[in-house]
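Peer 1: This is the structure, below, for whatever I ask next.
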Amino acid sequence: MSESEHRKIVIVGSGPAGYTAAIYAARAELAPMMVAGLQFGGQLMLTTEVENYPGYPDGITGPEMMEQFQKQAERFGTEILLEDASEIDLSERPFRIRSDSRSFTADAVILATGASARWLGLESETRLQNRGVSACATCDGALYRGKPMAVVGGGDTAMEEALFLTRFATRVFVIHRRDSLRASKIMQERALAHEKIEFVWDTVVAEVLGDEFVTGVRVRNLVSGEERELPVEALFIAIGHQPNTALLKGQIELDDVGYIEVDAGSSRTSKEGVFACGDAMDPVYRQAVTAAGTGCMAAIDAERWLAEQGLA
């Protein structure tokens with residue numbers, strides 16, 4: 001490990017939140033260091049078409065958008081390291097961040113580590129991601145307009161996804177492994193009453209069907225063992241997200257799931273000088289545009305804090 005390099009600000013993670021934080025911090029002449037991760041760009045790197053981000057009237061692929069964000073951050077002087085953070089030590093200032101090859105100290109840290117969708121773990125699911133398999137109906141639902149679709153899950157998120165998809169789908173199957181829903185009563189009532197939604201109870205997905213694109217799903221009833229095929233052209237997995245905050249446990253306040261707690265209306269965490277943005281602190285919206293907004297907040301909050309400390 002090389003000797004630690006000191007930076008005014010280190011951003012851990014990339015994606016729209018991290019890159020936006022980097023753009024603002026770099027323009028404020030804070031010369032940010034971004035430990036972007038091996039899978040830089042966040043969940044948008046798994047998204048084929050982005051049609052709901054302002055400024056792209058014809059749409060853009062997720063990887064193309066993240067490439068543009070990265071170039072803009074670098075244009076203003078952000079240094080980007082395409083390695084994962086292996087250690088984050090927030091116990092004292094300056095804070096310490098390590099990757100495989102480098103070690104940094106930082107006066108302020110912005111956490112943009114994101115969250116990862118929980119998947120079913122099927123080979124066919126992985127193979128057909130972005131080809132009909134998605135974890136975000138808001139992002140991708142409109143791409144399958146006029147097609148039958150399916151949602152896996154039984155909580156509020158799954159009901160929200162199913163109800164949203166009824167705007168585009170000819171039919172929405174909700175596949176749930178139990179015989180009752182975990183969703184709130186009002187969400188259950190809305191979904192159960194919707195004429196386009198059909199519930200498939202006590203059932204799991206055994207295989208996602210299709211070569212180039214999804215053509216259906218093979219499901220198995222957990223009570224009878226019977227298998228059948230559902231003719232759908234899109235499958236949305238809504239069994240939750242896991243924030244990428246394992247390195248932060250015991251160092252800052254996290255909620256029960258692991259999302260970073262921030263002060264209302266700001267990006268400030270429970271640790272002075274540490275700020276959070278994007279999906280790592282947002283269990284509600286999880287959109288590229290909201291992530292970018294909180295990245296802007298984190299950079300401004302960090303810049304003001306550094307100025308107060310006489311460090312900016």
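Peer 1: For the stretch 251-297 and the stretch 120-147, what is the separation of their Cα centres, given in Å?
Peer 2: Taking the Cα centre of each part, the stretch 251-297 and the stretch 120-147 sit 27 Å apart.
Peer 1: Rounded to the nearest 5, what % of the DSSP beta bridges within the stretch 19-174 are antiparallel ones?
Peer 2: Of those bridges, close to 55 percent are antiparallel.
Peer 1: Rounded, prolate or oblate for the stretch 119-237? Axes are the square roots of the Cα gyration tensor eigenvalues, ordered a ≥ b ≥ c, and the cut-off for rounded is a/c under 1.5.
Peer 2: Details: a/c = 1.67, a/b = 1.13, b/c = 1.48.
Because a/c hits 1.5 or more and a/b fails to exceed b/c, the stretch 119-237 counts as oblate.
Peer 1: Can you give the helix-only mean residue ellipticity at 222 nm for the chain, where every DSSP H stretch with n ≥ 4 adds -39500 (n - 2.57) and the sum goes over all residues, rounded to the nearest 500 deg cm²/dmol?
Peer 2: Mean residue ellipticity at 222 nm (helix-derived): -7500 deg cm²/dmol.
Peer 1: Right, something else. Once the other residues with Cβ under 12 Å from the Cβ of Ala292 are scored (Lys, Arg +1; Asp, Glu -1), what is the net sum? Spell out each step's value before the answer.
Peer 2: Details: positive: none; negative: Asp279, Asp282.
Neighbour charge sum, excluding Ala292 itself: -2.
Peer 1: Rounded, prolate or oblate: which fits the stretch 56-179 when a ≥ b ≥ c are the square roots of the eigenvalues of the alpha-carbon gyration tensor, with rounded for a/c under 1.5 and prolate only if a/b beats b/c?
Peer 2: Here the stretch 56-179 falls in the prolate category.
Peer 1: Let me check I've understood the local charge: for Tyr24, count other residues with C-beta under 15 angstrom from its C-beta, Lys and Arg +1, Asp and Glu -1. What total comes out? Please list the in-between numbers first.
Peer 2: Numbers: positive: Lys8, Arg27, Arg75, Arg304; negative: Glu29, Glu74, Asp301, Glu303.
Within the 15 Å Cβ shell, the charges total 0.
Peer 1: Then there is this: Treat the chain as a sphere of radius equal to its Kirkwood radius over Cα pairs and apply Stokes-Einstein at 20 °C in a medium of 1.002 mPa s; give the translational diffusion coefficient in µm²/s, rounded to a whole number. Please report the intermediate quantities before stating the final value.
Peer 2: Details: Rh = 20.5 Å.
D = 104 µm²/s.
Peer 1: Further, regarding this structure: Take a quick pass over the chain and tell me how many lysine pairs come in under 27 angstrom between Cα atoms, counting only ones 8 or more apart or on separate chains.
Peer 2: Lysine pairs meeting the criterion: 6.
Peer 1: Can you give the % of DSSP beta bridges in the chain that are antiparallel, to the nearest 5?
Peer 2: Of the beta bridges lying entirely in the chain, close to 45 percent run antiparallel.
Peer 1: Considering only the other residues whose Cβ falls under 13 Å of the Cβ of Arg75, what net charge follows from Lys and Arg at +1 and Asp and Glu at -1?
Peer 2: -1
The numbers here are math on the coordinates, done by the rules we state, and not lab data. None of the values given here were measured: they were computed from a predicted structure. When we count neighbours, we look across all protein chains shown, and the Cβ atoms used for this are built from the backbone with ideal geometry, even at glycine.
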